[in-house]
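The values are calculated or read from the model by the stated rules, or taken from the named source; none is laboratory data. Just so we're clear, the structure is a prediction, and the values are computed from it rather than from any experiment. Positions of Cβ are backbone-derived with ideal geometry, glycine not excepted, and every protein chain shown enters the neighbour counts.
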Amino acid sequence: MKKKNPKKVLIPVLVLLLAGVLVKVFVLKPESRYAGTIEATKVDVPSRLHSVIKEIRAEEGAQVARGDVLVALDCEDLRIAGELASSSFSRAMKLLKSGSLPQEAFDQARNRKRESDLKLQWCEIIAPISGRVLTRYREPGEWVTQGTRLMTLANLQEVWAYVYVAQPMIARLKPGMQVEAFLPELGMKPFNARIAKINEEAEFTPKNVQTRDERTRLVFGVKLAFENPDELLKPGMTIEARLPEP
C-alpha cells in the first residue's frame, strides 16, 4: 500500500486553518467583552427618634413592600406626651367655641397635637421602597438615637453595572441599545442588558482594572441595566458584556 506524503496532507490542513482565520477577521464581526460589577439601588433605613427598639418585623433576606412596617420603637415617653397634647387640644376647642380662648392659644395647642401625632407615626419605621432586606444592624431592646441606621434595603428587580470602553467604541453605542452579557458564576449564562446611560466625559480607567496600560487609558463609562425578576444577579457579582468592535 502506497503511503501518503505527509507534506501533501499538511498543506490542505494549513489552507483550511488560514481560511478560517481570514473568515473570522474579514467576514465575522469581531467582539470584545467588558467586565463590570453588578450594583443595585440601596436605601438605608434610619430611626427618626431616640428610643428603644420594641420589635423588628423584617429579617435579613426578607422581601418587603413599600409601606411595610420594618421596626417598631417603644416610644413610651412620646405616647404620654401625645395623650397630654390630645387632651389639651380637646379643652382648647371647647374654650374656643365658648369664646374663652384666643385664636393664637388655640393654634398653639393644635400645632402641639400635630407635632405629637407626627412623632408617634415615626415610632413605626416603614419601608421607603419595595425590595429585599440586605442587612439588619440592630436588635430588639437596643437604644437607638435619631439617625441610627437600622436596616439596608435593595431593589434587586432591576440592577446595573458600569463597563468602561475606549473612545472609538462610543460612536457605536447609544442609550436604549440592547446588548448581551454573561455571568461567569453561572457558567457564562447569558443576560439581556439595556444601555441606560453613557457618561458625557472621559475618565481614566478605574484602578481595579488589572494591567497598568489599561489603567492609564481614557475611557467612557457605560451603564448597563438588567431586568432581574428572579434576582439571579446580585450586588458584587462580575458580569461580562459583549460589545462589537468598531
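May I ask you to list pairs of residues, at least six apart or on different chains, whose Cβ atoms are under 7 Å apart, with the first in the range 171-198 being of a type in the set (Lys, Arg) and the second being not in a strand (DSSP E or B)?
Listed by first residue and then by second, the contacts come to ARG172/PRO246; ARG194/GLY176; LYS197/PRO175.
Under 6 Å by Cβ, and 6 or more places apart or on different chains, what pairs join a residue from the range 228-242 that is farther than 21 Å from LEU153 by Cα with one that is part of a loop (DSSP other than H, G, I, E, B)?
Pairs found: ILE239/ILE38.
Looking at VAL163, VAL133, VAL159, which is the one that is at pLDDT below 95, surrounded by 17 or more Cβ atoms within 10 Å (Cβ to Cβ) and among the β-branched types (Val, Ile, Thr)?
Exactly one of VAL163, VAL133, VAL159 is at pLDDT below 95, surrounded by 17 or more Cβ atoms within 10 Å (Cβ to Cβ) and among the β-branched types (Val, Ile, Thr), namely VAL163.
Could you run through the range 127-170 and say how many residues are in contact (Cβ under 8 Å) with a residue 60 or more places away in the chain and over 13 Å from the mean Cα position of the chain (by Cα)?
23
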